[in-house]
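To start, the structure itself, in structure tokens.
The values are calculated or read from the model by the stated rules, or taken from the named source; none is laboratory data. Nothing here was measured: the structure is a model prediction, and the numbers come from that model. In this analysis, Cβ positions are derived from the backbone assuming ideal geometry, glycine residues included, and neighbour counts consider all displayed protein chains. With ligands, DNA and RNA removed, areas are computed over all heavy atoms of the protein, side chains included. Shrake-Rupley method; radii C 1.70, N 1.55, O 1.52, S 1.80 Å.
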Amino acid sequence: MTKFLLAVHVLAAIIAVGPVTVAASMFPPAARRALAAPEDVRASETVRLLHRICQVYAAVGIAVPVFGFATAGAMGVMGDPWLIVSIVLTVLAAGVLLVLVLPRQEVLVENSGEGDGGGTRETTVQLAMFTGVFNLLWATVTILMIVRPGSTTGA
């Protein structure tokens, strides 16, 4: 059962987190293009699509910690420091995505194609920074999951 849970956990991470990190990284430059050319319908559509990808896969991403907890319980590592750090970083990553990334994307989606209001270049710069923090947090969690400091598995 442990191998099954681990496989589902890893697949969920790849399938859910991967698209969010890529789409979120592509969003700021796409938003800059849409803000620079409000009449460009295609640029606005790209911004909307990238935001939708982030929303959908962020929701699907809840499977990652659900299966992660199940796997950790089955492996008996719930109290291991590497796992606790990973959990904290995962919560931080989710917070960055839900509080800092998606709301700024929403502002830019609402303003793409209109050229007015809160969607500014400064917003895209902030968004790029928060997206980078989100991606860095997930990269760190991934490394911790692979290396597992203090593990006796030899990994």
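What FRET efficiency would be calculated for the residue pair Arg121, Val147, taking the C-beta separation as r and a Förster radius of 41 Å, to the nearest 0.05?
My answer for the efficiency is 0.60.
Please calculate how many Å² of accessible area the chain carries per residue, with a 1.4 Å probe and no DNA, RNA or ligand atoms counted. Walk me through the numbers on the way to the answer.
Values: 8400 Å² over 155 residues.
Solvent-accessible surface per residue comes out at 54 Å².
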key: Projected label distance in nm at Val99 and Phe69, using a 7 Å step from Cα toward the beta-carbon   = 2.0 nm
key: Surface share of carbon and sulfur [accessible, 1.4 angstrom probe, percent] for the range 49-104   = 80 percent
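Could you tell me the calculated FRET efficiency between Val85 and Ala37, based on Cβ-Cβ distance and R0 = 35 angstrom, to the nearest 0.05?
On the way: r = 44 Å, r/R0 = 1.25.
Rounded to the nearest 0.05, the efficiency is 0.20.
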Principal-axis tilt of helix 2-12 within the chain, Cα atoms, nearest 10 degrees = 10 degrees
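Using just the helices of the chain, give the 222 nm mean residue ellipticity in deg cm²/dmol: DSSP H runs with n ≥ 4 each add -39,500 (n - 2.57), and the total is spread over all residues, rounded to 500.
On the way: 7 runs with 115 residues, N = 155.
One gets -24500 deg cm²/dmol as the mean residue ellipticity at 222 nm.
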